[in-house]
1. Looking at Phe158, is it surrounded by 14 or more Cβ atoms within 10 Å (Cβ to Cβ) and either modelled with pLDDT under 95 or more than 15 Å from the chain's Cα centre (by Cα) (or both)?
2. Taking interchain pairs and intrachain pairs at least six residues apart, which have beta carbon atoms under 9 angstrom, with the first residue in region 226-252 and over 30 Å from Ala40 (Cα atoms) and of a type in the set (Gly, Ala, Ser) and the second assigned to a strand (DSSP E or B) and modelled with pLDDT of 95 or more?
3. If you go through region 22-39, how many residues are assigned to a helix (DSSP H, G or I) and hydroxyl-bearing (Ser, Thr, Tyr)?
4. Within the set of pairs 6+ apart or on separate chains, which have a first residue in region 1-19 that is farther than 17 Å from Val52 by Cα and of a type outside the set (S, T, N, Q), a second that is at pLDDT 65 or above and not in a loop (DSSP other than H, G, I, E, B), and C-beta atoms under 6 Å apart?
5. With the checklist (1) part of a helix (DSSP H, G or I); (2) touching a residue at least 24 places away in the same chain (Cβ under 8 Å); (3) under 18 Å from Met149 (Cα atoms) in hand, flag the one item Ile209 doesn't pass.
6. Of everything in region 4-21 that's aliphatic (A, V, I, L, M) and at pLDDT below 80, which residue is surrounded by the fewest Cβ atoms within 10 Å (Cβ to Cβ)?
7. Determine the pairs where a residue that is touching a residue at least 24 places away in the same chain (Cβ under 8 Å), located within region 189-201, has a partner that is surrounded by fewer than 15 Cβ atoms within 10 Å (Cβ to Cβ) and of a type in the set (Phe, Trp, Tyr) with Cβ atoms under 9 Å apart, the partner being 6 or more residues away or on another chain.
8. Modelled with pLDDT of 90 or more, more than 29 Å from Ile140 (Cβ to Cβ), in a loop (DSSP other than H, G, I, E, B) and touching a strand residue (DSSP E or B) at 6+ places or on another chain (Cβ under 9 Å) - does that describe any residue in region 215-237?
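The values are calculated or read from the model by the stated rules, or taken from the named source; none is laboratory data. Small disclaimer: the values here were computed from a predicted structure and weren't measured. Here Cβ is always computed from backbone atoms with ideal geometry, including for glycine, and neighbour counts include all displayed protein chains.
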Amino acid sequence: MEIKHIPACYGNLGFHQKIGEIIKKHSENRHSIKEIVHKAINFETVNSILDVGCGYGWFEDGLDGKFDLIVGIEYLEENREKFLSITEPIAKESVFLRILLPCPIELPSEQFDLIVAAYSLYFFPEIIPEVKRILSPDGIFVIITHSEMMLEEGERFFQFKNLRTLIKRFSSENGEEILRRYFGRVDCTDYFNRLLFNREHAGELEDYINFKKEFIAKDVLPEVVRKKLLHELKEKGSLAFNKNDRIFFVRK
């Protein structure tokens, strides 16, 4: 199974960033997963970074220091300007490659000290052998991915088969098994979290559902999901959603 379409919501910079703020606001875990990952990486040994499925540069935003090279691979052209505005101040050379993965990555072997896939590898797990090829011998491959139980609370009412199928391509639950086929060392850190919405935050819950609409539309009309979950929020006063993730730190 290959994904031939990247949801347009990832190219809507303003909305994407708004959703990030909603997730931050409603997370029970008050520690940012990005900050946890940044602190876990020894950036003193990192001169070159490749971000596969880089989006607008979420991972690079907040990095200190000066790198020799940062390359972002991303299909949505709308993310180019923001990605470069984030990476150019922290890299001698910053490159945005518009590529629809999975496909061969035309970059030199063993070039990158750090390769990142932040909430993207389930779109194209087929690239893992290419990642191994272009990762430097002492480099590290870092993946952040979702649990297969994401939005499980909504599945009391609907079956999100399409979303579940996508996440199962590379998830918290099966990621280690997949990575060990290619890499000698696989470590992981679990990030436990829930998103909690109270009745007065109905508009923000609606935005969060809208962000997922391209994933759920193949199974259920997004408007039906919105109405049902907003009704549940109004009746119960609060709703919580699984937002558990896992971080993989991988070496050859």
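1. On the way: surrounded by 14 or more Cβ atoms within 10 Å (Cβ to Cβ): yes; either modelled with pLDDT under 95 or more than 15 Å from the chain's Cα centre (by Cα) (or both): yes.
In short, yes.
2. What qualifies is Gly237/Asn198; Ser238/Leu196; Ser238/Phe197; Ser238/Asn198.
3. 0
4. Cys9/Phe211; Leu13/Lys82; Ile19/Phe211
5. Failed condition: (2).
6. We begin by selecting, within region 4-21, every residue aliphatic (A, V, I, L, M); these are 6, 8, 13, 19.
Subsequent filtering for residues that are at pLDDT below 80 retains 6, 8.
Working: Ile6: 19, Ala8: 11.
Among residues in region 4-21 that are aliphatic (A, V, I, L, M) and at pLDDT below 80, the one surrounded by the fewest Cβ atoms within 10 Å (Cβ to Cβ) is Ala8.
7. none
8. Looking for residues that are modelled with pLDDT of 90 or more, more than 29 Å from Ile140 (Cβ to Cβ), in a loop (DSSP other than H, G, I, E, B) and touching a strand residue (DSSP E or B) at 6+ places or on another chain (Cβ under 9 Å), one finds at least one in region 215-237, hence yes.
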